[in-house]
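Trainee: Structure below; questions to follow.
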Amino acid sequence: MQLIVGNWKMNGTRASAVELARGVVRGKAPEGCSLAVAPPFPFLDVVKKELEGSAVALAAQSCAIEKEGAFTGEVSSEMLASVGCEWVIVGHSERRALFGETDEVVAKKLAAGRRAGLAVIACVGETLKERDAGQHEEVVARQVRALLAGRKDMEKIVIAYEPVWAIGTGRVATPEQASAMHRRVRSTIAESLSPAVAAKAVILYGGSVKPDNMESLAAMEGIDGALVGGASLDSRNFLAIAENAKKGEAKRSKRP
Ligand code: PGA
């Protein structure tokens, strides 16, 4: 099973969001592939209407820690659930780097998403500096530990491994690099929770995923789908990524 999530980031208008959602719903998602889209907050409601009757789930790009109150400009996970979100993304590297979200804040946002009953996509990933210094595995393991400490609801949590140097840069991690990091994420889940939980965990790759690189990524054991930014803004590309994810996964199971 592959999970493909489109992170639309801060792009588009109400009209273009509707158009994009229609395009995703119109094209058929390949069997054995789950899809979700994460539009900007103001378009969640209208996109939800477009998704009705389809198997495409609605995700939000972030949420507040708090439930309600005097937090101008924030959006709570309860609000997201009330407009039909099923997923929320937390800890995206843009939130960490541009808005100062620490591991502690991201862990609290993860808890906030779960409090409202949302499934959570929690992002981790090293910077280029950290990779060049050979610290990538340790940095990502630390992020995973911080997010999952004490959690008992891993069936509702997906980890997205997104190397910061691959996001929006056109420079994708090689399938080998991605799968080595997915192994590290999985072994950290095993240490933090249990090997049985880790075996079932869903781990996505993100960072310059395109139709032409998805197949080789999904052909790697332990890559369970993708979090897609730029390429998700075109419904044909997004659906082609889903298609190629299935192709990649099928190749994997044919291996001896
Ligand atoms: P990208 O973004 O696909 O545009 O590199 C990925 C992400 O930020 O989730």
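Laboratory data are not the source of any read-out in this text; all were calculated from the coordinates shown. Source: prediction; values computed, not measured. Heads up, the Cβs are rebuilt from the backbone with ideal geometry, glycines too, and the neighbour counts pull from every protein chain shown.
Trainee: Find, among the trypsin sites (Lys or Arg not before Pro) in segment 75-180, those assigned to loop by DSSP (not H, G, I, E, B) with at most 10 other beta-carbon atoms within 10 angstrom. Don't skip to the answer; put the middle values down first.
Mentor: Numbers: sites: R95, R96, K108, K109, R114, R115, K129, R131, R142, R145, R151, K152, K156, R171; in loops: R151, K152, R171.
Answer by residue number: K152.
Trainee: Here's another thing I want to ask about it. Given Cβ point charges of +1 (Lys, Arg) and -1 (Asp, Glu) and nothing else, what value in debye, to the nearest 20, does the dipole of segment 109-193 about its Cα centre take?
Mentor: Details: 14 positive and 10 negative charges, 78 e Å.
Rounded to the nearest 20 debye, it is 380 debye.
Trainee: In what sequence, highest mean first, do 178-187, 241-250 appear when ranked by Cβ atoms within 10 angstrom?
Mentor: Values: 178-187: 19.9, 241-250: 22.1.
So the order, starting with the most tightly packed, is 241-250, 178-187.
Trainee: Continuing with this model, one more query. Give the long-range amide H neighbours of V202: residues separated by 5 or more places, or on another chain, with amide H under 5 Å away, using H modelled in the peptide plane at 1.01 Å from N.
Mentor: I159
Trainee: Which ³J(HN,Hα) values, rounded to whole Hz and listed in residue order, are derived for segment 103-111 from phi using the Karplus coefficients 6.51, -1.76 and 1.60 in 6.51 cos²θ - 1.76 cosθ + 1.60 with θ = phi - 60°, glycine and proline given as x?
Mentor: Here the 3J(HN,Hα) series is 3, 5, 5, 5, 4, 5, 5, 4, 4 Hz.
Trainee: Go through segment 8-18 residue by residue and turn each phi into a ³J(HN,Hα) via Karplus (6.51, -1.76, 1.60, θ = phi - 60°); whole Hz please, and just put x for glycine and proline.
Mentor: Each residue's phi maps through the Karplus curve to give 7, 6, 9, 10, x, 10, 4, 5, 6, 5, 4 Hz.
Trainee: I would also like to ask the following. So how strong a dipole does the chain carry about its Cα centre when Lys and Arg Cβ are +1 and Asp and Glu Cβ are -1, to the nearest 20 debye? Mind dumping the intermediate values first?
Mentor: Values: 34 positive and 31 negative charges, 93 e Å.
Rounded to the nearest 20 debye, it is 440 debye.
Trainee: Report the gain in length on full extension from R115 to R252: 0.36 nm times residue separation, minus Cα-Cα distance, nm rounded to one decimal.
Mentor: Working: separation 137, 0.36 × 137 = 49.32 nm, distance 3.62 nm.
Roughly 45.7 nm would be gained on extension.
Trainee: Which of the trypsin sites (Lys or Arg not before Pro) found in segment 1-68 are in a DSSP loop and have at most 13 neighbouring Cβ atoms, other than their own, within 10 Å? Spell out each step's value before the answer.
Mentor: On the way: sites: K9, R14, R22, R26, K28, K48, K49, K67; in loops: K9, K28, K67.
Here the sparse-neighbourhood loop sites are K28, K67.
Trainee: Sticking with this structure for a sec: With each run of n ≥ 4 DSSP H residues scored as -39500 (n - 2.57), what mean residue ellipticity at 222 nm is computed for the chain after dividing by its residue count and rounding to the nearest 500 deg cm²/dmol?
Mentor: -13500 deg cm²/dmol
Trainee: Quick one: if you stick a label point 7 Å off each Cα along the C-beta vector at E138 and A15, how many nm between them?
Mentor: 5.3 nm
Trainee: Going by the alpha-carbon gyration tensor, a ≥ b ≥ c the square roots of its eigenvalues, is segment 112-256 rounded (a/c under 1.5) or, if a/c is not under 1.5, prolate (a/b greater than b/c) versus oblate? It would help to have the intermediate numbers written out before the result.
Mentor: Details: a/c = 1.42, a/b = 1.29, b/c = 1.10.
Taking the square roots of the gyration eigenvalues as a ≥ b ≥ c, segment 112-256 is rounded.
Trainee: If you take the beta carbon distance between F71 and K28 as r and set R0 to 51 Å, what does 1/(1 + (r/R0)^6) give as a FRET efficiency, to the nearest 0.05? Walk me through the numbers before you get to the answer.
Mentor: Working: r = 41 Å, r/R0 = 0.80.
For R0 = 51 Å, the calculated efficiency reads 0.80.
Trainee: Relative to the present Cα-Cα distance, how much length would full extension add between R236 and F99 at 0.36 nm per residue of separation?
Mentor: Separation in residues times 0.36 nm, less the Cα-Cα distance, equals 46.2 nm.
Trainee: Given H placed 1.01 Å from N in the peptide plane, which residues other than close sequence neighbours of V90 have an amide H under 5 Å from its amide H?
Mentor: Here I121, A122, C123 satisfy the definition.
Trainee: For segment 99-135 and segment 185-256, compute the distance between their C-alpha centroids and round to whole Å.
Mentor: Going from one Cα centre to the other spans 19 Å.
Trainee: Quick one: grab the alpha carbon gyration tensor of segment 1-153, order the square roots of its eigenvalues as a ≥ b ≥ c, and give me rounded if a/c is under 1.5, else prolate or oblate depending on whether a/b is larger than b/c.
Mentor: On the way: a/c = 1.77, a/b = 1.41, b/c = 1.26.
Judged from the Cα gyration tensor, segment 1-153 comes out prolate (a/c at least 1.5, a/b above b/c).
Trainee: I need the per residue convex hull volume for the chain, using only the alpha carbons, in cubic angstrom as a whole number. Numbers along the way, then the final one.
Mentor: Numbers: hull volume 30.7 nm³, N = 256.
Dividing the Cα hull volume of the chain by its residue count gives 120 Å³.
Trainee: Where nothing but the Cβ of Lys and Arg (+1) and of Asp and Glu (-1) is charged, how large is the charge dipole of segment 117-248 around its Cα centre, in debye to the nearest 20? Each step should come with its number before you reach the end.
Mentor: Details: 16 positive and 16 negative charges, 52 e Å.
Using Cβ point charges on Lys, Arg, Asp and Glu, segment 117-248 gives about 260 debye.
Trainee: Name the residues of segment 146-167 whose amide N is less than 17 Å from a point 7 angstrom out from the Cα of A196 along the C-beta direction?
Mentor: 151-156
Trainee: May I ask you to order 214-226, 54-66 by the average number of other C-beta atoms within 10 Å around their residues, highest value first? Display every interim value, and only then the final one.
Mentor: On the way: 214-226: 22.4, 54-66: 20.2.
Descending packing order for the listed peptides: 214-226, 54-66.
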